[in-house]
Amino acid sequence: MITRYTLLERVRDRTDEKSWEDFVDIYRPYMYRVLKRMNFYHEEAEDLSQNVLVVLWDKLPDFKHSFRTGAFRSWLCTIVRNKGVDYIRKQSSRKNKLNDESNLLASPLMSENTNDLEKAAEEEWNKHVSDLAWKVIEEEFSESVRKAFLMSIEGVPGEEIAEKLNVQINSIYTYKKRIRNRLKELIRNMNDQYV
């Protein structure tokens, strides 16, 4: 398991391919999520994520971490934002896509206000970490346990869930509690591990 700042230190070494792969696995989906929130299409978000990775490959060896919670993600989000703005400006000047530019600039991630940018980036990070945690849940819990949990958070009554899944009602409450506790633990650990 990667410790909190170790991965950032390891990706500075450009010969450490495993660390770079780990870094990309963790942060590329986050970058994509941020770009989608900026109203980019799927293909654009994929391409821009790749462009950001190229910038990171170049800049990470010189990055100085401040150890403030979220500082790296804030820096990363600023790079993503800047790449997005550059892309839209180039596209707009080529094709006169004023509607696309105004649509993009309406996104909170395009705000010049650092607080807006950091807040939006943090919201996307929280969603990203929840997705990562759910992937672990999918490996650790059976499909029926996961279904019971998902149905319960959708507001389906416990009796109905028990009937549909052919389990005791007490099991439904146990499943829900186990997954909720595991999700909390995973999210807390991931937020501690990943800067």
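Computed values, structure above
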read-out: So K135, is it among the basic types (K, R) and outside the structural domain of P29 (by TED's automatic domain parsing); value: no
read-out: Top-ranked residue in segment 1-21 [being surrounded by 12 or more Cβ atoms within 10 Å (Cβ to Cβ) and not in a loop (DSSP other than H, G, I, E, B); ranked as modelled with the highest pLDDT]; value: W20
read-out: Given (1) modelled with pLDDT of 65 or more; (2) surrounded by fewer than 17 Cβ atoms within 10 Å (Cβ to Cβ); (3) closer than 28 Å to I187 by Cα, number of the condition V34 does not satisfy; value: (2)
read-out: Test for S144: is it at pLDDT 85 or above, in contact with a helix residue (DSSP H, G or I) (Cβ under 8 Å, 6 or more places away or on another chain), in a helix (DSSP H, G or I) and more than 14 Å from Y27 (Cβ to Cβ); value: yes
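The values are calculated or read from the model by the stated rules, or taken from the named source; none is laboratory data. These figures come from a predicted structure and were not determined experimentally. When we count neighbours, we look across all protein chains shown, and the Cβ atoms used for this are built from the backbone with ideal geometry, even at glycine.
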